[in-house]
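The values are calculated or read from the model by the stated rules, or taken from the named source; none is laboratory data. Note that the structure is a prediction, hence the values are computed from the model and not measured. Every residue, glycine as well, gets a Cβ built from its backbone with ideal geometry; the counts of neighbours run over all protein chains shown. Just the protein is used for accessible areas: all its heavy atoms, side chains included, with ligands, DNA and RNA removed. Shrake-Rupley method; radii C 1.70, N 1.55, O 1.52, S 1.80 Å.
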Amino acid sequence: MNPLDAAGSLYEALLAEARQWACDDAEDQEVLDAIEHAPAPHDQLALLQNSSLVPSHLSSAIADALLALDPATYSPTPTPPGTAMADPQLHRVRNASITVVNASPEDNTPSDVYEIQVFGVSVLIRRRAQWGPATDVPYIHIDNQGDDGLLLFEVNNSGEHEHRTGAGGTAA
């Protein structure tokens, strides 16, 4: 098998794993739809790698293998300064990846969506069109793929808080 065929098979295996673990909820289905409709293979890989559909260590290992097997297809291309932002766009900074997806009036998304992934933690930041009586409210979603399930966080200097996810996926 040549490297290009191996890369394609490896990507398809990762996508199949993501489909298997995806829930029937709208958020997972939107991620799968975005992956399917991404304009290029490297965009599909970036969306898949930055999703919470598969463990980050698995998607990172497969992404590294894809880049080694077929860098022309799976390497993100830098956007020259002054160029309009594509939807979605991936940026890598040291060990972190930042994915930006443009706002979508059709989906009632009033802002761009930013996902930052580093150290097994994925943070999605966007604005919600409405939350109760308020409109255009900041929304943050955090997924911790860490092995020990422990996440320490602090909001507005209110003190450190601990969140631990047990083996069953519930907070302990």
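Per-structure values
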{"quantity": "Among residues of region 86-97, those that are open to solvent by 50 Å² or more (accessible area, probe 1.4 Å) and at pLDDT 75 or above, counted", "calculated": "5"}
{"quantity": "Condition check for ALA61: open to solvent by 50 Å² or more (accessible area, probe 1.4 Å) and either in a helix (DSSP H, G or I) or charged (D, E, K, R) (or both)", "calculated": "yes"}
{"quantity": "Single condition SER9 does not satisfy, out of (1) under 14 Å from LEU90 (Cα atoms); (2) surrounded by fewer than 17 Cβ atoms within 10 Å (Cβ to Cβ); (3) not aliphatic (A, V, I, L, M)", "calculated": "(1)"}
{"quantity": "Residue in region 18-26 that is in a helix (DSSP H, G or I), aromatic (Phe, Trp, Tyr) and open to solvent by 40 Å² or more (accessible area, probe 1.4 Å) present", "calculated": "yes"}
{"quantity": "In region 104-119, residue modelled with the lowest pLDDT [restricted to those that are crowded, with 16+ Cβ neighbours inside 10 Å and assigned to a strand (DSSP E or B)]", "calculated": "THR109"}
{"quantity": "Selected residue [in a helix (DSSP H, G or I) and at pLDDT below 80] from LEU67, LEU45, LEU14, LEU10", "calculated": "LEU67"}
{"quantity": "Looking only at region 41-55, and only at residues there that are in contact with a Pro (Cβ under 9 Å, 6 or more places away or on another chain) and aliphatic (A, V, I, L, M), the one that is surrounded by the fewest Cβ atoms within 10 Å (Cβ to Cβ)", "calculated": "LEU47"}
